[in-house]
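What follows draws every value from the coordinates through simple rules; no lab data is involved. It should be emphasised that the depicted structure is a prediction, and the values quoted were computed from it without experimental measurement. FYI the Cβ positions are ideal-geometry reconstructions off the backbone, even for glycines, and counts take in every protein chain you see.
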Amino acid sequence: MANSNKSKTNSNSVPSAKYGLGLIAGILYLAFGIMQLTATVGFTMPFYESLYITGGIFNAFVLLVTAAVFLTGILRMNRNTAEADAFLDVGFLLSLAFGIVAILGTLAGGLDMWIGEEEEIVEGMLETVTPLLYMVVFGFLGYCLWAKDLFRKVVAA
Amino acid sequence: MAENKKLRLGLIGNPNVGKTTIFNAITGARQKTGNWPGVTVEKKTGQVTHKGVDIEIIDLPGTYAITAYSPDEIIARDFILDEKPDVVVQIVDTTNLERNLYLTTQLAEITPNLMLALNLTDFAEAQGLAVDADKLSKELSIPVVKTVGTRKEGINELLDAAIGLAGSGKGTCAGSCTSCTSCGGFVNFSPKTEDAITKISEVLAGDASLTSKYLTRWLAISLLEEDANVIEKVKANSDLYAKLSPVLSSYSPEVAEADIADGRYTAISALAQKVRIGKVESKISPSDTLDHVLTDKWLGIPIFLALMCAAFDLTFTFGAPFMTLIETVVGWISTFAVDNVPGLLGSILGDGIIAGVGSVLVFLPNILILFFVLSILEDTGYLARAAFIMDRPLHALGLPGKAFIPMLSGFGCNVPGFMAARTIEDEKDRLLTLLVTPFMSCGARLPIYVLFAGVFFTANAGEVIFSLYLLGIVIAIVSAFIFKRTLFKGEPAPFIMEMPPYRIPTLFAALEHMWSRGELYLRKAGTFILIGAVIVWALASFPVGVEYGSQESYAGALGTAIQPIFEPLGFDWKISVALIFGFVAKEVVVGSLGVLYGAGDDEGALTDALLEDPVMSPVTALTLMVFTLLYLPCVAATAVMRQESGSWKWTGFMVVYTCVTAWIVSFIVANVAKLFI
Ligand SMILES: Nc1nc2c(ncn2[C@@H]2O[C@H](COP(=O)(O)OP(=O)(O)OP(=O)(O)O)[C@@H](O)[C@H]2O)c(=O)[nH]1
Ligand SMILES: [Mg+2]
């Protein structure tokens, strides 16, 4: 029974590297989401600043949603492989999308300073950094290694 | 056929098969296309000359059948029946052959001038679902061409075939002919039904006025199906109807209907088997799996909200430097005008036109970015999933889930939002949707948010803007909930939405969509907003001798007169004037403030003037944003509301309702925000 199920879906096993990366990403997004939330209500820790955690309810929300997508993928691993796999793919895509938005926002911040002929362009840019920006590493890796196939699969399936 | 004779060609087909894409490819027009069903809700016409023949092309709303249940199906059907196009081209989604052929079976019965265009052949081939066009053409004895709408492939072949078909004289086949394939369709029903069709046809043959206009076999089939519209046509001749009743009453309409549908499906599956090249394996497709993720019971809505959040963040942050740039340039031009053009002319240019139009132009980058992002989300097929997700909570509240599609279209502009409500069959649900659509925050309101959120909530501007959009949705849902319980009691119709396929969005399509929005915005800036600015400038400058923009001017008098209404919300006379003129188009609110604050005077733009005004505070700014979000839609949208609801009463109700709601909600926001900000 399990076998017939497996032969139906093309990718019957998720590469363990994907699983691992998804797990780490999920945990980190969750952690940053929670920290961002605490920073929003005024509770901060000394290391928050070096991680660019400056608070923001929506930022926290986006981090937590991404975390939830990754972790759901991990939790469904034993129940429905294909779906778990898709959750991880969506997680990587979201991470990439939010990361790109964050990068564009930071670039725009610098551009704005430059147009306004202000001095501290780099400082100005750093002010706009959020965890979504550096967490894009996961999205980027996951996209290049696996998630880009998702497009091909859903469009031609 | 004679040179330069005019040919009329109608594009018909299921929703979301690429009719409008083909229409645009043929005519070079830029009608809106989108990856979900129900984008086109109105008939659109275009012209082209192909090989010396003038062709008029008509794009129609998508329809699954022509049994005429919803307003958009009726448009498509009436078009064929009343306007008698020379050629009817059914655009077919090749990846979904069987479902599309259902409509073909009906079309072949209703018109002898049918031809098919197998569109989306690129996808079909990628999915191993190719179709043998020549074989299909032989089987149906109608022309069949292959097209790829997005790449403009097969367009010439389509037009060639259309001209050929029109010249073949097929369409002149006498109406009384029931046997030839071009007049009788290609489905043979069960002997019993065929027998009935023959008997009815014999009676109908006696009425030349009917059979010269409509195909007899189609009339007979429709009568068997108890098509109200056809029965009415036949009843016009009471004699005939009397003769028909004994024949008709010997067949149960339920049985006939089931039998007819059955006949169609049998014919379709036989046909599809013959013409399909390659075969499909049935398996749970990755696309279904992805659907499960994106429409997940718990995560579906959060994912949607997170994406929207990012979209608005990008709209604001990435637009900022470009805004600064435009602002600076506008500042230079207006200073130049005031300094170098003497007298009143300088003032009308600098303080009026440039300040007014300029302060609106500044927001062009934001509009472009937002629509670029929305267009990508839409073309991938994601937005249709979002509509699907929203069905669950809406239905739980007793609301029609289908209403969310018009609401989503309302984000662009309320006008297409109102029109999209046409896809809702239930009259009550449709009216209800029309009433709440104005709460969807259209693109014209964005400049107001960007301006005030940018000035007063700099650090969280994206979030404030996103919250306003959310507030709009919430108010719409709450209103619908109240209406459903009071004005329009009844069960909501179940929502069966077909998921459009996932498609890779093309940069070109997104850019084009973005630009058509931008163009619209610029055109508005050059017309409504320009005129609005001049009027506000005149009101602010006269009577002669008053200080420009002071409370003694006409604008001041007008503002002061209505200001008591807005007093509790904390608005002064300037804002009151701007809100009044915002009825013309919501961008005018910004334009008017630009004029009234004399933004043109120095290089300091409207933003600085607002910061310096003691009346303006974050609380007032928030209240003002909420008020502009909710109060009446612009003139154009109100006119369309009247057209779509067909009632002044409901239009008036909408106007009053939105204004009262806006006032109450703003009042609450003003007082609650005071506690926090
Ligand atoms: N790959 C591919 N995409 C296509 C083709 N034709 C249309 N599309 C895409 O299909 C989607 C639907 O196209 P529309 O032209 O809006 O469809 P429509 O039939 O007018 O839809 P309604 O007006 O909603 O009935 C758009 O996203 C198009 O870009 C094609 O031949 N190939
Ligand atoms: Mg269309």
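Note on B:GLN273 and B:LYS192: with the Förster distance fixed at 25 Å, the Cβ-Cβ geometry gives a FRET efficiency of about 0.45. The residue list B:GLY559, B:ILE74, B:PHE571 was ranked by how far each Cα lies along the charge dipole of the protein assembly as shown toward its positive end, using unit charges on Cβ atoms, and B:ILE74 comes out on top. Among the helices of chain A, those built from whole DSSP H runs whose Cα atoms reach 20 Å or more along their own axis and whose mean Kyte-Doolittle hydropathy is at least 0.5 are A:16-40, A:57-75, A:81-115.
Given the rule -39500 (n - 2.57) for each run of at least 4 DSSP H residues, summed and divided by the residues of the protein assembly as shown, what is its mean residue ellipticity at 222 nm, to the nearest 500 deg cm²/dmol?
That calculation yields -20000 deg cm²/dmol at 222 nm.
What's the angle, to the nearest 10 degrees (0 to 90), between helix B:364-379's Cα axis and the longest principal axis of chain B? Approximately 30 degrees, to the nearest 10. Here B:LYS297, B:LYS428 are placed in order of increasing Cβ neighbour count within 10 Å, fewest first, which gives B:LYS297, B:LYS428.
Relative to the longest principal axis of the Cα atoms of chain B, the long axis of helix B:238-249 lies at roughly 70 degrees. Think of the stretch B:318-430 as having a plus end and a minus end, set by charges on the Cβ of Lys, Arg, Asp and Glu; of B:GLY319, B:PHE404, B:LEU361, B:PHE404 sits farthest toward the positive end of this dipole. Arranged from fewest to most other beta-carbon atoms within 10 Å of their beta carbon, B:TRP663, B:TRP298 become B:TRP298, B:TRP663. Selection among A:PHE47, A:LEU64, A:TYR134 by position relative to the dipole of chain A gives A:LEU64 as farthest towards the positive end (Cβ unit charges, Cα centre). By definition, a body whose alpha carbon gyration tensor gives a ≥ b ≥ c is oblate when a/c is 1.5 or more and a/b is not larger than b/c, and the stretch B:539-677 fits this oblate description.
Using unit Cβ charges (K, R positive; D, E negative) and no other charged atoms, how large, in debye to the nearest 20, is the dipole of the stretch B:7-172 about its Cα centre?
Once rounded to the nearest 20, the dipole reads 240 debye.
Be a star and scan the stretch B:230-272 for residues whose amide nitrogen sits under 11 Å from the point 7 Å along the Cα-to-Cβ vector of B:GLU139. Answer for this model: B:267-272. Counting neighbouring beta carbons within 10 Å and listing from fewest to most, the residues A:LEU96, B:LEU60 come out as A:LEU96, B:LEU60. Straightening the chain between A:PHE151 and A:ILE27 buys 42.1 nm, computed as 0.36 nm per residue apart minus the Cα-Cα spacing. Here's the list of lysines a cross-link from B:LYS135 could span, going by alpha-carbon distance under 18 Å and ignoring same-chain residues fewer than 8 apart: B:LYS146, B:LYS274, B:LYS279.
If you put +1 on each Lys and Arg Cβ and -1 on each Asp and Glu Cβ, how big is the dipole of the protein assembly as shown around its Cα centre, in Debye rounded to 20?
2360
Computed from Cα atoms, the angle from the helix B:648-676 axis to the main principal axis of chain B rounds to 40 degrees.
Between B:GLU202 and B:GLN47, the FRET efficiency estimated from the beta carbon spacing at R0 = 56 angstrom works out to 0.85. Listed by chain and number, the lysines whose C-alpha is less than 17 Å from the C-alpha of B:LYS51, apart from same-chain residues fewer than 8 away, are B:LYS5, B:LYS6. Charges were assigned to the Cβ only: +1 to each Lys and Arg, -1 to each Asp and Glu. The resulting dipole of chain B about its Cα centre is roughly 960 debye.
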